[in-house]
Amino acid sequence: MKLDGVSLASLARKYGTPLYVYSAKTVRTRYARLIRAINRSDSLICYALKANSNKALGRVLSGLGAGADIVSGGELDRALAAGFKPERIVFSGVGKTQEEMRAALKRKILAFHVESGEELTALETVARRLNVRAPFSIRVNPDVKADTHHHITTGMSENKFGVESAEAAALYERALRSKWLEPIGIQCHLGSQIVDPAPYGKALDHLLRIVDRLSKKGARFRYVDVGGGIGIPYASGKKMAVDRFAATIRKRLENRPLTLLLEPGRWLVGPAGVLVTETLYRKKTSSRRFVVVDAGMNDLLRPALYDAEHTITSVTPRRGKKERFDLVGPVCETADRFVKGLMMPLPRPGDLLAIGEAGAYGFSMSSTYNSRPRPAEVLIDAAKAKLVRRRQRLSDLTRDER
Ligand code: LLP
């Protein structure tokens with residue numbers, strides 16, 4: 001099995017397993033595809049860095065002109081190091097510290113996406129101390145239900161994210177009277193892995209009503225941001241029809257002098273990555289068969305945390321009758337299972353498997369649980385593979401302990 005002309009088996013031999021492998025070409029193609037679908041000159045794609053914050057991958061997107069959506073001081077550092085322009089960076093999250101605000105204000109980012117009245121007060125304080133105006137948007141919670149896993153839905157009143165519309169309007173009015181705050185946009189984010197465009201339409205209508213109301217009071221909005229969340233196909237194949245998604249948004253913005261911001265993470269990088277893992281052992285109980293591989297939930301948490309079903313492909317050609325088994329990792333947790341009841345020819349020890357759709361929320365959510373070093377990452381660009389992060393060494397695991 002090859003990725004952009006490079007044999008995954010040869011990469012596994014060279015760099016070991018588990019191994020993340022990404023395709024720069026896929027990221028470029030998907031970025032271009034999204035731009036084409038949106039078909040609006042006045043738009044900006046702010047890549048949600050949390051999906052995969054490897055600098056080499058970030059460089060691919062910044063090189064295409066993308067901005068970044070960050071959620072911490074650490075991501076600000078990474079975004080700048082990956083070449084994202086400060087004037088294309090937006091800062092999200094319910095718990096920005098004043099230190100993080102200060103760092104971002106000094107770098108003159110595009111905007112803060114503010115999620116509470118108290119956060120707005122903190123931002124005003126930091127701006128006053130630095131003697132600058134802080135550009136911001138309120139993240140509005142539109143109370144729209146997007147059908148996705150309950151761990152990754154964000155746009156409803158029971159979620160901790162955003163500000164309800166009445167309060168958002170009040171915060172904008174307050175900011176209009178402040179010397180240190182500059183309202184420049186409005187934002188929402190409904191959740192992640194959404195496959196139906198309709199909730200985006202509802203949410204955007206909601207935002208535009210607030211824009212119209214506040215414009216009468218003197219607010220000058222420059223952009224509207226409908227967040228990220230565009231769904232990709234995993235094993236079930238369900239995905240967002242991206243042209244319908246784009247049309248839903250575009251028709252609502254016709255004749256409005258507003259820049260459209262989007263914050264996709266998964267859609268851009270998810271399908272661009274695989275996690276290559278080696279088969280260790282097979283075993284059987286009276287009720288099930290298991291195949292144990294060398295990747296675990298510490299390397300790819302999504303199946304354990306969200307019951308996510310990633311596609312599994314055999315890298316080592318293996319024919320024969322299909323058998324049913326659970327694909328599990330070595331971590332001492334029952335939840336350390338990639339697929340329950342997978343049907344394919346039984347892998348043998350030493351066989352390599354590729355876990356698909358691993359470019360987003362794979363490495364970025366990895367940990368060293370069970371004192372397992374984090375995997376290496378390889379980026380393939382122009383048919384050349386480059387190690388963009390070395391595998392952690394055992395000594396890295398204890399390095400910071402005193
Ligand atoms: N913008 C904001 C404000 C967000 O909170 C997120 C994701 C995004 C954009 C990007 O969403 P995307 O386009 O990637 O769906 N770890 C979970 C996903 C958590 C998403 C958190 N916020 C997973 O593996 O499914």
Any residue at all in region 268-291 that is in contact with a Pro (Cβ under 8 Å, 6 or more places away or on another chain), surrounded by 16 or more Cβ atoms within 10 Å (Cβ to Cβ), touching a residue at least 12 places away in the same chain (Cβ under 8 Å) and under 30 Å from V90 (Cα atoms)?
yes
Does R102 satisfy being more than 16 Å from the chain's Cα centre (by Cα) and under 14 Å from P264 (Cα atoms)?
no
Total residues in region 67-89, condition more than 13 Å from the ligand (Cβ to nearest atom) and surrounded by 18 or more Cβ atoms within 10 Å (Cβ to Cβ):
7
Failed criterion for L181 (all others in (1) open to solvent by less than 10 Å² (accessible area, probe 1.4 Å); (2) among the aliphatic types (A, V, I, L, M); (3) out of contact with any Asp or Glu (no Cβ under 7 Å at 6 or more places or on another chain); (4) away from the ligand (no atom under 12 Å from the Cβ) hold):
(3)
Conditions first: (1) under 22 Å from L204 (Cβ atoms); (2) not in a loop (DSSP other than H, G, I, E, B). H151 passes all but one, so which condition is the exception?
(1)
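Do you know which residues across region 206-234 are outside any loop (DSSP other than H, G, I, E, B) and over 27 Å from L49 (Cα atoms)?
Step one: list which residues in region 206-234 are outside any loop (DSSP other than H, G, I, E, B), which gives 206-215, 223-225, 230.
The answer is R209, I210, V211, D212, R213, L214, S215.
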Being small (G, A, S) and within 13 Å of R40 (Cβ to Cβ) narrows A247, A219 down to just A247
Output the number of the condition that I210 fails; it satisfies all remaining conditions of (1) open to solvent by less than 10 Å² (accessible area, probe 1.4 Å); (2) touching a residue at least 60 places away in the same chain (Cβ under 8 Å); (3) more than 16 Å from A175 (Cβ to Cβ).
(3)
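Kindly state which helices (runs of 4 or more DSSP H) lie completely within region 1-111 and contain at least 1 residues that are closer than 28 Å to I355 by Cβ.
Numbers: elements: 8-15, 24-38, 55-63, 73-81, 98-106.
The qualifying helices (runs of 4 or more DSSP H) are 8-15, 24-38, 55-63, 73-81.
Inside region 235-354, counting only strands (runs of 3 or more DSSP E) that do not spill past its ends, which hold 1 or more residues that are in contact with a Lys or Arg (Cβ under 8 Å, 6 or more places away or on another chain)? Give the derivation first.
Details: elements: 259-262, 273-284, 289-293, 312-314, 322-328, 337-345.
It comes to 259-262, 273-284, 289-293, 322-328, 337-345.
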Which of the residues belonging to region 154-178 are assigned to a loop (DSSP other than H, G, I, E, B) and either within 16 Å of the ligand (Cβ to nearest atom) or open to solvent by 20 Å² or more (accessible area, probe 1.4 Å) (or both)?
T154, G155, M156, S157, E158, N159, K160, F161, G162, E164, R177
Which numbered condition in (1) open to solvent by less than 30 Å² (accessible area, probe 1.4 Å); (2) within 16 Å of the ligand (Cβ to nearest atom) is the only one that D196 fails?
(1)
Test set (1) within 16 Å of the ligand (Cβ to nearest atom); (2) in contact with a helix residue (DSSP H, G or I) (Cβ under 6 Å, 6 or more places away or on another chain); (3) open to solvent by 10 Å² or more (accessible area, probe 1.4 Å); (4) under 30 Å from R252 (Cα atoms) - S53 fails condition number
(4)
For region 68-105, give me each residue that is in contact with a Cys (Cβ under 8 Å, 6 or more places away or on another chain) and either among the β-branched types (V, I, T) or not assigned by TED's automatic domain parsing to the domain that holds R133 (or both).
I89, V90
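Might you let me know whether region 370-381 holds any residue that is touching a residue at least 12 places away in the same chain (Cβ under 8 Å), of a type in the set (S, T, Y) and open to solvent by 40 Å² or more (accessible area, probe 1.4 Å)?
Going residue by residue through region 370-381, those that are touching a residue at least 12 places away in the same chain (Cβ under 8 Å) are 370-381.
The next check asks that each one be of a type in the set (S, T, Y); those that pass are 371.
Checking which are open to solvent by 40 Å² or more (accessible area, probe 1.4 Å) leaves us with 371.
Yes - at least one qualifying residue is present in region 370-381.
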Residue set V242, V163, V226; condition closer than 30 Å to F338 by Cα and assigned by TED's automatic domain parsing to the domain that holds T125; output residue V242
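Could you tell me which residue of region 234-264 is most open to solvent (accessible area, probe 1.4 Å), considering only residues that are more than 20 Å from I186 (Cβ to Cβ) and within 13 Å of the ligand (Cβ to nearest atom)? Walk me through how you get there before you give the answer.
Start the filter on region 234-264 by keeping residues that are more than 20 Å from I186 (Cβ to Cβ), which leaves 234-244, 247.
Now restrict to residues that are within 13 Å of the ligand (Cβ to nearest atom): 234, 239-240, 242.
Numbers: Y234: 26, K239: 124, M240: 6, V242: 10 Å².
Checking each candidate, the answer is K239.
The values are calculated or read from the model by the stated rules, or taken from the named source; none is laboratory data. Keep in mind that what you see is a predicted model, and the values were worked out from it rather than measured. With ideal geometry, Cβ positions are generated from the backbone for all residues, glycine too; neighbour counts draw on all protein chains shown. When the accessible area is computed, the model is the full protein with side chains, heavy atoms only, and any ligands, DNA or RNA have been set aside. Shrake-Rupley method; radii C 1.70, N 1.55, O 1.52, S 1.80 Å.
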